[in-house]
Every structure is written in structure tokens, then in C-alpha cells.
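As C-alpha cells, the structure follows; a few thoughts come after it.
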Amino acid sequence: MENSSAAASVQTHAKYDRLIADAKRVTPATTIVVHPCDETSLRGASEAAEAGIIVPILVGPKAKIGDAARRYGIDVSHFEIVEAAHGDDAATLGVKLIREGKGELLMKGSLHTDELMHAVAATATGLRTARRISHVFIMDVPTYREPLFITDAAINIFPDLDAKRDIIQNAVDLFTRVGLGIPRVAILSAVETVTSKIPSTIEAAALCKMAERGQIVGGILDGPLAFDNAIDARAAQIKGIDSAVAGRAQILVVPDLEAGNMLAKNLSFLAQADAAGIVLGARVPIVLTSRADSVRTRMASCAVAVLYADAQRRGPVLRAA
């Protein structure tokens, strides 16, 4: 694996380019955009629409959306806008529109994540399925050969074994359904040996056994693995780890949200990685991005969600828990 700055500059964004190009070749997904009242969320939806990836329906206060559009020179005149008084109201209404079959994707605008996910997770009126809802970062790391998925770094704080099974299955389904093949899944811990002193190593071993018994399908799992021997072949070789995953991981499953969040942000700020992200396990994919995300990262998030939605049109992916 190349680590030079020259190689990094060449590889930057190349992985997102492929996903965005693939998304342009499928039918655009009608996307409910919840409370897009700032420049980033409006421009992200607008540029994804111009690229032919999505057909946005904007849900939020029309006056506020119009003011933001005029301020930043974004044309929203050709988009349907559904009135909602504020963020909570927009989240509830956006979820309702999805339940009514009026959209294939849900996209977060300028409201807080908790506001949107509260409406998504509501027992009677939300978008829950039998599967645990979880988040996947799709990272374009300049110094890594291929897209790197990290899960879960945004939704499940301290997932138990059953939750981790769903978290892994969601990520594997995403990887395969966007056309990336059969993923190599590394279940991370601090070390690569099983020890009772570190509970995440025991869970990693149990998850691998669950995959052997068909409780997790579609991917190649190994764990526990430390981060270095999950992504660096030389580190794995030095430790004497011989597996199909070590040194070549494509999905990194973290022990908890804190570890995942720190890992994703380290890659973003120290390795100049981009971090697109979507939520899975609900009735539809949810484009859940940070307000600090670039428009390009939002475009990549939309592209991944659209490819997943296109695969869902050909047959549901969610399996019973």
C-alpha cells in the first residue's frame, strides 16, 4: 500500500467518483429532505438533483427555505416544498411521507440528528423494522486502496452482541448492494487475541462463530483484530495473523460509538479522509450527514443511498432479526 503524499493526492476522491458515477446510471430516488434551511443542506440536495441522482421533496418552513435559497443563490423553484413549522415538525412530517410511499430516501437537513432519529425510531409512527438501526461511514481515505466502511460510530452507543450482529449485517448488505462485492469484515478491539480482560475480544470471537453458523451472511469475518493488523498487511504478517481479512479489511466494526467516532474523526482530520454516511435498518436508507460536511461528501452519501434504494427496488434486503 502506498503511503506517499503523491499517491495520496492522486487517490483522493477517486472512490467517491465511482459511487457517484454508478448512481447516475440508475433511476433517481425521490428523496424527502428534512428541514434544509442552510447552504450546505440546500446545495447538497440541489447538486444531487442536478446530477440526476435524486428528486428532492423539501420539508420545512417555506419562508426560511426560500430565504436561504436566495441568500446563497440556489434555485429551488422546481422543487416541491412541503410546509412544516420547525425541525421537529419537519422530521415527523418527513417520516410520514415515507410511510405513505412518497419517498424512497430520507435526508437530514439543518436540524439536529436527535430530532430526525426521534421521529424515525418512534414505535407507532416511525420507520423501524425487525433490524436494529445503525450508521455506516463510507470513508474515502487517500492512503487506502478502496472505500473503508466504519460502523457504528453515530447511533448505537454501547451495542450488545445481538445489536452488533445487526450492525454487521447492515454494513455487509450495504457493501454488497452498492456493487462492491463480498466484503472483508474486521471486528476491532485493542488486541488480536481473545482475553476475558477485554470483553470486546470475546464478542468479536462470538460474532465470527455466528457468521460460521449462518447468523450473519454475505461477508467474510475475522476478529478480534487490532486496527493496525486489520488494515496493514505488514502489521498482520509481523503478528503472524493468517486470514482473508487481516491487512485487507473493507468494513471495520468498532466496539462502541466512542471508539468509532474517534477513529472516523482521526481519519478525517489526520489523513484528510472524506466521510460520507447513511443509516440503515429502517424502512428506507437515511442520509445522515454532519452540518460540517462538504457538498461533495453529501453527494457521495446520496449516491450510496440511491444505489441501495435501487437494489431494494429489485427485492428487499432486510431479514428478520
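No lab work stands behind these numbers, since they all come straight from the coordinates. Predicted model, so just to flag it, every value in this text is computed and none were measured. Virtual Cβ from ideal backbone geometry, glycine too; neighbours counted across all protein chains shown.
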Per the C-alpha gyration tensor (a ≥ b ≥ c, the square roots of its eigenvalues), segment 144-208 is rounded if a/c is under 1.5, else prolate if a/b beats b/c, else oblate; here it's prolate
Kirkwood-type radius of segment 208-321, with distances r between different C-alpha atoms, in Å: 16.5
Would you mind ranking K164, K209, K239 by Cβ crowding within 10 Å, fewest neighbours first? K209, K239, K164
Using 21 Å as the Cα-Cα cut-off, could you pick out the over-long pairs in K108/K164; K164/K209; K164/K239; K96/K164; K64/K102; K24/K62? K108/K164; K164/K239; K96/K164; K64/K102; K24/K62
How far, in nm, would the chain grow between R18 and A233 when pulled straight, counting 0.36 nm per residue and subtracting the alpha carbon separation? 74.9 nm
0 to 90° range, to nearest 10: angle between helix 199-212 axis and the chain longest Cα axis: 90
Calculated from DSSP helices alone, with each H run of at least 4 adding -39500 (n - 2.57) and the total divided by the residues of the chain, [θ]222 nm to the nearest 500 comes to -13000 deg cm²/dmol
Using alpha carbons only, how many angstrom separate the centre of segment 230-280 from the centre of segment 86-145? 25
Relative packing of peptides 171-179, 259-267 - highest average C-beta neighbours within 10 Å first: 171-179, 259-267
Find how much the distance from S196 to E83 grows on full extension, using 0.36 nm per residue of separation minus their present alpha carbon separation; answer in nm with one decimal. 35.2 nm
Give the peptides 68-79, 35-46, 98-109 in descending order of average Cβ contacts within 10 Å, highest first. 35-46, 98-109, 68-79
With both partners inside segment 1-156, how many of the DSSP beta bridges are antiparallel, as a percent to the nearest 5? 20
Per-residue Cβ neighbour rank within 10 angstrom, fewest leading, I216, I133: I216, I133
Rounded to 5, the percent of DSSP beta bridges in the chain classed as antiparallel: 35
Tensor-based shape of segment 102-150 (alpha-carbon gyration tensor, a/c under 1.5 rounded, otherwise prolate or oblate): prolate
Just need the relative contact order of segment 190-321 here, percent rounded to a whole number, with Cα pairs under 8 Å and 6+ apart. 13
Over the chain, what is the mean sequence separation of C-alpha contacts under 8 Å (at least six apart), divided by residue count, expressed as relative contact order in percent? 23
Under 19 Å from a point 7 Å along the Cα-to-Cβ line of A130: which residues of segment 146-169 have their amide N that close? 161-169
How many percent of the alpha carbon pairs in segment 189-273 exceed a separation of 16 Å? 57
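May I ask you to order 180-187, 88-95 by the average number of other C-beta atoms within 10 Å around their residues, highest value first? Please list the in-between numbers first.
Values: 180-187: 21.9, 88-95: 23.9.
Put in order of decreasing packing, that is 88-95, 180-187.
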